[in-house]
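Have a look at the structure below before the remarks.
What follows draws every value from the coordinates through simple rules; no lab data is involved. Note that the structure is predicted; figures quoted are calculated from it, not measured. Glycine also receives a Cβ, built like all others from the backbone with ideal geometry; neighbour counts cover every protein chain displayed.
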Amino acid sequence: MPQTDPEISFRRVTAWTVTDVCELSETLSDEQREMVADNAVSIAEAHFSESAWFRAIYADETLAGFIMLHTGADYDDGIERPGVFLWRLMVAGPHQGRGIGRKAVQKVVADLTARGIRELRTSYDEGPASPGPFYKSLGFIPSGDFYGEEIGAVLRW
Ligand SMILES: CC(C)(COP(=O)(O)OP(=O)(O)OC[C@H]1O[C@@H](n2cnc3c(N)ncnc32)[C@H](O)[C@@H]1OP(=O)(O)O)[C@@H](O)C(=O)NCCC(=O)NCCS
């Protein structure tokens, strides 16, 4: 029985966990899968990038999601803005609505604050399963940027 207020940690994806991390994508609804790349694709992309940082998200001791940041501007990654960009975030279907996504972003904010960074950017698609309301509830506002069809948003603190 999952606890209602789990502790969140970010852990490296390893040879032992990579299959389970990739399989988390299968727990999303079809509409949600339109909103975020499969974790296998994200992990592959990260290995072609010099600017990617990714971790598995654990709720207590349970694998519950995946997060990937991009730091700096890199034409080859399709991210041409300086600063830190929340490139990918997903919480497995059975673990959604438990505050895990919110806590994961709050943890990134705390880590960035410790590095003197006070801004985090992201982008998202519109549509029925859009994470837009999630980002708005965390304080992200439209940045005026567009990434292809995706709307840019920024959180400043
Ligand atoms: C978006 C996502 C990461 C949210 O994770 P989560 O752990 O379920 O979100 P939380 O439980 O932390 O919710 C935090 C807040 O956002 C709100 N929220 C979350 N998803 C929402 C949605 N689809 N519509 C409206 N509000 C939403 C919650 O109600 C909560 O608000 P509250 O604190 O005021 O009650 C998750 O739904 C997901 O993985 N979606 C599919 C992938 C995706 O779209 N990723 C983002 C790509 S950029």
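Compute a Gaussian network model of the chain, connecting alpha carbons closer than 10 Å, and tell me which residue from ILE100, ILE67, ILE117 fluctuates the most. Residue with maximal mean-square fluctuation among ILE100, ILE67, ILE117: ILE117. Comparing mean-square fluctuations of PHE54, PHE134, PHE66 from a GNM of the chain with C-alpha springs under 10 Å, the top value falls on PHE134. Each Lys or Arg adds one and each Asp or Glu subtracts one; over the other residues with Cβ under 13 Å from the Cβ of ASP5, this totals +1. In order along the range 106-117, the Karplus-derived 3J(HN,Hα) couplings, from 6.51 cos²θ - 1.76 cosθ + 1.60 at θ = phi - 60°, round to 4, 5, 4, 4, 5, 5, 5, 4, 5, 9, x, 9 Hz, and Gly and Pro are given as x. Magnitude of the charge dipole for the range 80-151, about its Cα centre and with charges confined to Cβ atoms of Lys, Arg (+1) and Asp, Glu (-1), is about 500 debye. Could you tell me whether the range 94-157 comes out rounded, prolate or oblate from its Cα gyration tensor? Rule is a ≥ b ≥ c as square roots of the eigenvalues, rounded for a/c under 1.5, then prolate if a/b exceeds b/c, otherwise oblate. Oblate, because a/c is 1.5 or more while a/b does not exceed b/c. Just checking the listed ones, GLY116, GLY83, GLY72: in the Gaussian network model of the chain with Cα springs under 10 Å, the one fluctuating most is GLY116. Annotation for ASP5 and ALA73: the two label points, set 7 Å from Cα along the Cα-Cβ direction, are 4.4 nm apart.
Could you list ASP38, ASP111, ASP5 in order of exposure, starting from the residue whose Cβ has the fewest other Cβ atoms within 10 Å? Could you put the intermediate results ahead of the total?
Numbers: ASP38 18, ASP111 14, ASP5 9.
Listed from fewest to most nearby Cβ atoms, that is ASP5, ASP111, ASP38.
When the gyration tensor of the range 32-114 is built from Cα positions, what are the square roots of 5 times its three eigenvalues, in whole Å, from largest to smallest?
Equivalent-ellipsoid dimensions as semi-axes: 22, 16, 11 Å.
For the chain, the 222 nm mean residue ellipticity estimated from helices alone, with every DSSP H stretch of n ≥ 4 adding -39500 (n - 2.57) and the total spread over all residues, rounds to -7000 deg cm²/dmol.
Taking Cα centre as origin and charging only the Cβ of basic (Lys, Arg, +1) and acidic (Asp, Glu, -1) residues, the dipole magnitude of the chain rounds to 800 debye.
Across all Cα pairs in the range 8-156, the calculated P(r) in 10 Å bins from zero up to the longest distance comes to 11, 43, 39, 6, 0 percent per bin.
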